[in-house]
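This report concerns only the one structure given below.
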Amino acid sequence: MSLNVLDRPFAKHILTQLRSVDTDQVNFRKNMVRLGRILGYEIADSLGSVEVEVQTPLARTKGTVIDSLDRVVIVNVLRAATPLVEGLLKAFPSARQGVVVAKRIERSGSAPPAEMDVEIHYSRIPSIRAEDIVIVADPMLATASTVLKVIGLVEKQGTPKALYVVCVIASKYGIERLVTSKKNIRVFAVQVDPVLDERGYIVPGLGDAGDRAFG
Ligand code: URA
């Protein structure tokens, strides 16, 4: 597993708006879309490019092409990932899309949960081909239980060339769990937060991303 934490003051600025308890639903959603777009561009930069020749109206010159842009499949983990996916689609307008309706079952204990029960209510993911780039979008990587379950569903559809997990905030524990899973995943996050509380929420985090985006 590799971890890429964005080192961009602009992304951190938007994250700060998302974290603030004073940010209302509309601005929360708008800022999630903006981060999706930035994360999408970062992923696009990591896909590898080739030099090509291009003819302008005036001359021939060198250009750059990212071949895999047409091979992207985005998996939207409903409902919280919807605004993030809207932003990712600005970077990958021709992406094929899958959806997974996942619900984590929250229980209050006295210690942070090692994993969460996750109910999958619906899953529809396109067939994955060997040249595909799959991006699983889930804004909050807390215990990683949801993402691991979704990755299992992706794997049933085929083995992609690369598998990305894109989130806004990852917990340190969630990252450790993905490392332990030994899966070949590239994680892109805006921030890693240190703590999980006893309900499985990331602290300081930003609260419940789905509730805040959907009111
Ligand atoms: N899901 C959220 O929306 N927030 C968290 O902190 C953890 C999971």
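Details
- Here Val190 meets each of (1) away from the ligand (no atom under 13 Å from the Cβ); (2) touching an Asp or Glu at 6+ places or on another chain (Cβ under 6 Å) with one exception, condition (2).
Residue-by-condition table, conditions (1) at negative phi; (2) acidic (Asp, Glu); (3) within 16 Å of the ligand (Cβ to nearest atom); (4) surrounded by 21 or more Cβ atoms within 10 Å (Cβ to Cβ):
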position	(1), (2), (3), (4)
Ala142	yes, no, yes, yes
Lys182	no, no, no, no
Val195	yes, no, yes, no
Gly200	no, no, yes, yes
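- Being among the basic types (Lys, Arg) and open to solvent by 70 Å² or more (accessible area, probe 1.4 Å) is a property that Arg34 has.
- If you check Val187, Val192, Val118 for being assigned to a strand (DSSP E or B), among the aliphatic types (A, V, I, L, M) and at pLDDT below 95, only one passes: Val118.
- Residues within the stretch 161-177 that are open to solvent by less than 30 Å² (accessible area, probe 1.4 Å) and more than 21 Å from Pro113 (Cβ to Cβ), tallied: 4
- For Ala59, the test of being at pLDDT 95 or above and either of a type in the set (Gly, Ala, Ser) or touching a Gly at 6+ places or on another chain (Cβ under 6 Å) (or both) is passed.
- Top-ranked residue of the stretch 115-140 - restricted to ones that are within 20 Å of Thr159 (Cβ to Cβ), open to solvent by 20 Å² or more (accessible area, probe 1.4 Å) and of a type outside the set (A, V, I, L, M), ranked as nearest to the ligand (Cβ to nearest atom): Ser123
- Screening the stretch 31-51 for residues that are within 16 Å of the chain's Cα centre (by Cα) and free of Cβ contacts under 8 Å to residues at least 40 places away in the same chain and picking the one that is nearest to Ala213 (Cα to Cα) gives Asn31.
- Residue match in the stretch 84-94 (condition: in a loop (DSSP other than H, G, I, E, B) and open to solvent by less than 20 Å² (accessible area, probe 1.4 Å)): yes
The values are calculated or read from the model by the stated rules, or taken from the named source; none is laboratory data. Please read these numbers as outputs of a predicted model, since none were measured by experiment. FYI the Cβ positions are ideal-geometry reconstructions off the backbone, even for glycines, and counts take in every protein chain you see. Areas reflect the complete protein model, heavy atoms only, side chains present, ligands, DNA and RNA absent. Shrake-Rupley method; radii C 1.70, N 1.55, O 1.52, S 1.80 Å.
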